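Every number here is computed from the coordinates shown, using simple stated rules; none is lab data. Small disclaimer: the values here were computed from a predicted structure and weren't measured. Cβ placement follows ideal geometry from the backbone for every residue including glycine, while neighbour counts extend to all protein chains displayed.
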Amino acid sequence: MADIRTYWINNAGQWQVSPPGLAEDDGLETAVIISLFTDRRAEPDDVLPDNSNDPRGWWADQFSDVDGDLIGSRLWLLSREKQLSDVLSRAQEYAEEALAWMVEDGVADSVAAQAVIVRDGLLGLTVQIFRPTGTPAKFRFELFWKGN
């Protein structure tokens with residue numbers, strides 16, 4: 001079964017055109033992009049970056065078949081953070097939290113993330129998905145920071 005191929009460019013997910021329509025893939029990259037870059041609801045003790053009191057989150061999470069099952073990641077919480085090592089640790093934690101469903105659902109045996117500062121204002125995130133069969137899938141993303 002194929003999905004519409006989504007790829008990450010210029011800090012946004014894009015659909016790839018492949019005439020006469022949209023390109024397809026096995027859905028893994030698309031699932032990773034949706035998992036990482038959909039804003040997951042903030043936890044009650046999370047500090048919100050814009051002081052808006054808006055914990056964000058996907059509206060359909062309230063209709064999940066599994067209680068507490070949330071789509072997305074809390075990476076958005078880091079958008080105004082300084083480029084510090086503890087922020088990199090949180091980025092890794094948030095990415096692995098967002099992808100944990102893949103292990104729970106049997107899509108992957110394990111997932112791993114690594115965050116690095118690429119340059120001033122740019123966070124690099126490398127994600128590996130270790131699947132039951134085949135070689136690990138590796139994805140790299142860059143996110144722009146608007147740090148304080």
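Among ALA95, LEU84, PRO136, whose Cα projects farthest towards the positive end of the dipole of the stretch 76-148, with charges put on the beta-carbon of Lys, Arg (+1) and Asp, Glu (-1)? Farthest towards the positive pole: LEU84. Given C-alpha coordinates of the stretch 72-148, what is the ratio Rg to Rh with the Kirkwood estimate of Rh? Rounded to two decimals, Rg/Rh equals 1.02.
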